[in-house]
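K.L.:
Got a structure here, written out as structure tokens. Questions coming.
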Amino acid sequence: MRQPWRVAVVGGGIAGLAAAVRLRDSAPAGTEITVYEQSGALGGKLRTGELAGQPVEFGAESFLMRDPAGAESAAVALARRLGLGEKIVHPTVGQAALVIDGGLRPIPGGTLVGVPGDLERVATVARPAADADTDGGRPLVGPDADVSVGALVRSRFGNEVVERLVDPMLGGVYAGRADDLSLVTTMPALARTARVEHTLVGAVRAAQAAAPRAPGAPVFGTLAGGLSTLVEAAVTASGATVRRDAAVRELTATETGWRLTVGPTRDPELVDVDAVVLAVPARPAARLLAGPAPTVAAGVGALDYASVALVTMALPQPRLPELSGFLVPSTEGLLIKAATFFTTKWGHLRRPDGLAVVRASVGRYGEEAHLQRPDADLAATVHRELSAVLGTPLPAPVDGHVQRWGGALPQYTPGHADRLAAARTALRAAHPTLVLAGAGYDGVGIPVCVRSGETAAEEIITALGGSAR
Ligand SMILES: Cc1cc2nc3c(=O)[nH]c(=O)nc-3n(C[C@H](O)[C@H](O)[C@H](O)COP(=O)(O)OP(=O)(O)OC[C@H]3O[C@@H](n4cnc5c(N)ncnc54)[C@H](O)[C@@H]3O)c2cc1C
């Protein structure tokens with residue numbers, strides 16, 4: 001293998017950047033790393049903007065502190081690696097609410113993304129079906145099977161638990177419906193215990209016991225200064241050459257590695273590298289894989305995505321409840337899917353002048369038509385719905401922002417994990433120096449994407465004949 005290695009990271013989201021940092025840390029010294037990002041900005045779904053003179057997240061807002069096994073999450077480990085450990089802050093107000101029959105009710109604790117381990121505790125928002133969760137003498141889910149979260153929970157706890165708890169909570173992450181989403185990919189800890197336990201209550205409790213949380217330990221964290229500081233620090237630590245406004249349009253296998261076609265069709269640039277981390281969403285990945293690995297492209301490209309819009313507004317001294325925000329079941333008939341009271345939730349964002357920053361997300365899978373509405377229309381509807389839910393007319397905003405994220409949230413249907421494993425196995429066999437990373441494959445969320453990028457980097461190092469330092 002020629003030295004130094006030349007590795008291209010395609011996609012400058014957090015998965016690509018985590019891959020670049022891991023390559024810098026573990027590949028031979030002198031490895032040339034180049035990040036190609038099609039847009040003008042790095043970070044992908046991580047984007048810290050500004051509203052009323054204050055940093056505000058226009059994309060992802062926070063990260064899980066722990067991984068499903070209970071260990072420190074990869075996002076926390078990356079922040080520490082980048083010298084940002086001291087900047088991690090936690091919500092001051094963690095309690096959120098559900099909108100039920102037009103009013104707010106606290107989200108009951110003790111659930112796994114809304115799936116209860118104690119039916120009594122959720123009685124304030126949903127009546128579980130009586131006696132459906134009986135021991136049928138075998139595990140809930142077969143050893144290699146996958147089901148939708150909605151189907152499993154409906155069969156055991158009835159419709160109301162799905163519609164009022166699980167759907168809004170899973171929908172808060174995926175903008176999708178529990179009835180469509182894979183148990184194995186979206187709730188891996190529950191999928192593991194559901195293959196052993198005979199009741200859903202038993203499976204939830206076993207999953208919770210497998211990752212015990214120290215009392216009072218924070219679930220979420222973010223970075224004071226904004227998540228874009230993670231992006232900037234990763235770029236610096238990786239020592240990568242960064243190419244913005246540089247879409248990779250084609251990948252061709254060469255005798256020794258890969259040729260990338262970069263930039264506009266009229267004036268393409270051809271770049272030869274030894275290996276590629278492909279850290280772009282599934283659809284652009286499928287287009288790039290169509291030439292060198294058509295069957296892999298077909299498997300990867302089957303993934304569908306939901307679009308969302310985030311409407312953020314700065315409100316002068318509104319009367320807000322002491323809640324981090326609320327989630328809205330789709331049965332409530334509102335456009336808003338979820339709302340976050342940023343300046344209540346995060347102590348570091350509170351302002352002496354009482355200005356409140358509120359963000360609402362709009363858009364559920366299959367309801368993209370609503371997102372065709374102009375920004376001003378979306379903002380006015382959100383303002384009206386917020387006032388109605390809070391039961392008080394909110395003041396007119398002094399500043400606002402509408403961020404649209406088209407095709408942003410993967411809808412992993414049952415069987416996704418197996419389809420992906422097959423695609424990866426085929427890709428590894430044919431092209432070991434081309435590795436997939438990011439949310440299109442391993443799951444949504446900053447920790448998962450960081451881990452996915454790091455794993456991709458390690459696979460590249462192995463494929464190029466090195467060993468992780
Ligand atoms: C609105 C929203 C809110 C979220 N909130 C949270 C949250 O609070 N906490 C959490 O943990 N997760 C959250 N997530 C999920 C999380 O942000 C994502 O799962 C994660 O950031 C995805 O990272 P990624 O690197 O895989 O992909 P992306 O962030 O999508 O990055 C991929 C990059 O590849 C670039 N690209 C695409 N095609 C090409 C090409 N041909 N050539 C070059 N570059 C290309 C894109 O421009 C993009 O920058 C949220 C997601 C969304 C959409």
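K.L.:
What does the net charge come to around residue 329 if you take all other residues with beta carbon closer than 9 Å to its beta carbon, with K and R at +1 and D and E at -1?
P.N.:
Once all neighbours under 9 Å are counted, the net charge is -2.
K.L.:
Segment 61-173: percent of C-alpha pairs farther apart than 18 Å? Could the numbers behind the result be given before it?
P.N.:
Working: 3912 of 6328 pairs.
Summing the P(r) of segment 61-173 above 18 Å gives 62 percent of all pairs.
K.L.:
Would you work out which of 55, 8, 98 lies farthest towards the positive end of the dipole of segment 1-105, given +1 charges on the beta-carbon of Lys and Arg and -1 on that of Asp and Glu, about the Cα centre?
P.N.:
Sorting the options by dipole projection puts first 8.
K.L.:
Which Cα, out of 229, 166, 219, lies furthest along the positive dipole direction of segment 154-246 (beta carbon charges, K/R +1, D/E -1)?
P.N.:
It is 219.
K.L.:
Less than 14 Å Cβ to Cβ from residue 201, Lys/Arg counted +1 and Asp/Glu -1: what total charge do the surrounding residues give? If you can, show how the numbers build up before the last one.
P.N.:
Details: positive: 121, 156, 205; negative: 118, 120, 131, 133, 135, 197.
Local charge sum for residue 201: -3.
K.L.:
Would you please put 333-340, 86-93 in order of how densely packed they are, using the mean number of other Cβ atoms within 10 angstrom per residue and starting with the highest? Could the numbers behind the result be given before it?
P.N.:
Working: 333-340: 20.9, 86-93: 16.2.
Ranked by mean Cβ neighbours within 10 Å, highest first: 333-340, 86-93.
K.L.:
If the only charges are +1 at each Lys and Arg Cβ and -1 at each Asp and Glu Cβ, what is the size of the charge dipole of segment 210-266 around the Cα centre, to the nearest 20 debye?
P.N.:
Values: 6 positive and 4 negative charges, 21 e Å.
In debye, rounded to 20, segment 210-266 gives about 100.
K.L.:
In segment 323-368, if the dipole is taken from +1 on Lys/Arg beta carbons and -1 on Asp/Glu beta carbons about the Cα centre, which of 334, 349, 365 is farthest to the positive end?
P.N.:
349
K.L.:
Averaged over all directions, how much area does the convex hull of the C-alpha atoms of segment 1-125 cover when projected, in nm²? Mind dumping the intermediate values first?
P.N.:
Numbers: hull surface 50.4 nm².
One quarter of the hull surface, i.e. the mean projection, equals 12.6 nm².
K.L.:
Another question about this same structure. Express in nm, to one decimal, how much length is gained between residue 254 and residue 69 on full extension, taking 0.36 nm for each residue of separation and deducting their alpha carbon distance. Could you put the intermediate results ahead of the total?
P.N.:
Values: separation 185, 0.36 × 185 = 66.60 nm, distance 4.06 nm.
Extra length from residue 254 to residue 69 when fully extended: 62.5 nm.
K.L.:
Also: Against the empirical 2.2 N^0.38 Å scaling, what ratio does the C-alpha Rg of segment 19-90 come to? Before the final figure, lay out each step's value.
P.N.:
Numbers: Rg = 15.1 Å, N = 72, 2.2 N^0.38 = 11.2 Å.
The reported ratio for this selection is 1.35.
K.L.:
I'd like the distance between the alpha-carbon centres of segment 89-149 and segment 418-452, rounded to an integer number of Å.
P.N.:
30
K.L.:
Using only Cα atoms, find the angle between the long axis of helix 416-430 and the longest principal axis of the chain, and express it within 0 to 90 degrees, rounded to the nearest 10.
P.N.:
10
K.L.:
Additional query: Can you give the local net charge around residue 70? Use residues other than it whose beta-carbon is closer than 14 angstrom to its beta-carbon, Lys and Arg +1, Asp and Glu -1.
P.N.:
Net charge around residue 70: +1.
K.L.:
Separate question: For segment 177-227, divide the Cα radius of gyration by the Kirkwood radius and give the resulting Rg/Rh value with two decimals. Before the final figure, lay out the partial values.
P.N.:
On the way: Rg = 14.6 Å, Rh = 13.0 Å.
Across segment 177-227, the Cα-based Rg/Rh ratio is 1.12.
K.L.:
Please report the antiparallel percentage of DSSP beta bridges with both residues in the chain, rounded to the nearest 5.
P.N.:
On the way: 52 of 71 bridges.
Here the antiparallel bridges make up roughly 75 percent for the chain.
K.L.:
When the helices in the chain are scored as -39500 (n - 2.57) per DSSP H run of 4 or longer and the sum is shared across all residues, what 222 nm value do you end up with, to the nearest 500 deg cm²/dmol?
P.N.:
Values: 14 runs with 140 residues, N = 469.
For the chain, the value works out to -9000 deg cm²/dmol.
K.L.:
Using the alpha carbons of segment 322-467, what is the convex hull volume per residue in cubic angstrom, as a whole number?
P.N.:
Working: hull volume 25.2 nm³, N = 146.
So the per-residue Cα hull volume is 172 Å³.
K.L.:
Further question: Alpha carbon centre of segment 325-367 versus segment 226-294: separation in Å?
P.N.:
If we compute the Cα centre of each part, the gap is 35 Å.
K.L.:
At a threshold of 8 angstrom on Cα-Cα distance, excluding pairs fewer than six apart, so keeping six or more, what relative contact order does the chain reach in percent? Spell out each step's value before the answer.
P.N.:
Details: 1032 pairs, mean separation 118.0, N = 469.
25 percent.
K.L.:
With the full set of protein chains in place, find how many percent of the accessible area of segment 66-140 is carbon and sulfur; take the probe as 1.4 Å.
P.N.:
49
K.L.:
Additional query: If packing is taken as the average number of other Cβ atoms within 10 Å across a peptide's residues, how do 380-386, 15-21, 390-396, 180-186 rank, most packed first? Mind dumping the intermediate values first?
P.N.:
Details: 380-386: 19.6, 15-21: 31.4, 390-396: 14.4, 180-186: 23.7.
Those peptides, ordered most packed to least, come out 15-21, 180-186, 380-386, 390-396.
K.L.:
With +1 on each Lys and Arg Cβ and -1 on each Asp and Glu Cβ, how big is the dipole of the chain about its Cα centre, in debye rounded to the nearest 20? Let's see the in-between values first.
P.N.:
Values: 44 positive and 46 negative charges, 98 e Å.
The dipole of the chain has a size of about 460 debye.
K.L.:
I would also like to ask the following. How much accessible area per residue does the chain have, counting only protein heavy atoms and a probe of 1.4 Å, in square angstrom? Intermediate values should be presented prior to the final figure.
P.N.:
Details: 19320 Å² over 469 residues.
With all protein chains present, the chain gives 41 Å² per residue.
K.L.:
Go from 0 up to the bin containing the longest alpha carbon distance in the chain, width 10 Å each, and give me the % of pairs per bin.
P.N.:
Distribution as computed: 4, 20, 29, 27, 15, 5, 0 percent.
The values are calculated or read from the model by the stated rules, or taken from the named source; none is laboratory data. Only a predicted model underlies this, so the values are computations on that prediction, with no experimental measurement involved. All Cβ positions, even for glycine, are placed from backbone atoms using ideal geometry, and neighbour counts span all protein chains on display. For the accessible areas, the whole protein counts, side chains as well, though only heavy atoms, and no ligand, DNA or RNA atoms are used. Shrake-Rupley method; radii C 1.70, N 1.55, O 1.52, S 1.80 Å.
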